[in-house]
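**Student:** Structure below; questions to follow.
The values are calculated or read from the model by the stated rules, or taken from the named source; none is laboratory data. The model shown is predicted, which means the values in this text are computed figures rather than measured ones. Counting neighbours? That spans all protein chains shown, and the Cβs are built from the backbone with ideal geometry, glycine included.
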Amino acid sequence: MSPSHVVEHDRESTMIRGVLRLESVDSYDVVFAPARAHLALAGGNYTLDVSGVSLMNSSGIRALANLVLLAKQHGATLVVLGSEAVAWQRKTLASLSALYERVEVRLA
């Protein structure tokens, strides 16, 4: 894992902080692994907090969209927490709702 970011997770949530500039969509598998496992096995609700991510490249955004599609496949609700103060989050996260109606994007 890159020293430029930190991933913390528990049973029903993942919090990511820092800068995410990994090389490919597949490189994000490690970052989103806890969320993917929960959504695939348990469905239900899962919270992904990216409010502390100051930068995420296009590969990360695609990986995030794939996570939304996985939630849709399993009928789960995905809550994505972001920050109004971070430009990429303000511009990008709201569009996740267009992929699946049970994505709740909350910007604070």
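**Student:** How many residues does region 55-82 hold that are buried (at least 16 other Cβ atoms within 10 Å of the Cβ), touching a strand residue (DSSP E or B) at 6+ places or on another chain (Cβ under 6 Å) and within 25 Å of E23 (Cβ to Cβ)?
**Tutor:** 7
**Student:** Continuing with the same structure: Can we say V105 is on the phi < 0 side of the Ramachandran plot and in contact with a strand residue (DSSP E or B) (Cβ under 9 Å, 6 or more places away or on another chain)?
**Tutor:** Working: on the phi < 0 side of the Ramachandran plot: yes; in contact with a strand residue (DSSP E or B) (Cβ under 9 Å, 6 or more places away or on another chain): yes.
So V105 passes the test.
**Student:** Which members of region 1-44 meet the condition of being touching a helix residue (DSSP H, G or I) at 6+ places or on another chain (Cβ under 8 Å) and part of a helix (DSSP H, G or I)?
**Tutor:** Within region 1-44, S27, Y28, D29, V31, F32, A35, R36, L39, A40 meet the criteria.
**Student:** Same structure, new question: Here is a list: K91, K72. Which entry is within 20 Å of A108 (Cβ to Cβ) and either β-branched (V, I, T) or assigned to a helix (DSSP H, G or I) (or both)?
**Tutor:** Only one candidate passes the filter, namely K91.
**Student:** Given the criterion touching a Phe, Trp or Tyr at 6+ places or on another chain (Cβ under 6 Å) and over 17 Å from D10 (Cα atoms), identify the matching residue among G60, G82, G75. Give the steps one after another, and end with the answer.
**Tutor:** On the way: G82 fails: touching a Phe, Trp or Tyr at 6+ places or on another chain (Cβ under 6 Å); G75 fails: touching a Phe, Trp or Tyr at 6+ places or on another chain (Cβ under 6 Å).
Within the list G60, G82, G75, the selection yields G60.
**Student:** Follow-up. Condition check: modelled with pLDDT of 95 or more, closer than 22 Å to L107 by Cβ and surrounded by fewer than 16 Cβ atoms within 10 Å (Cβ to Cβ). Does V50 satisfy that? Don't jump to the end; show me each part of the working.
**Tutor:** On the way: modelled with pLDDT of 95 or more: yes; closer than 22 Å to L107 by Cβ: yes; surrounded by fewer than 16 Cβ atoms within 10 Å (Cβ to Cβ): no.
The answer is no for V50.
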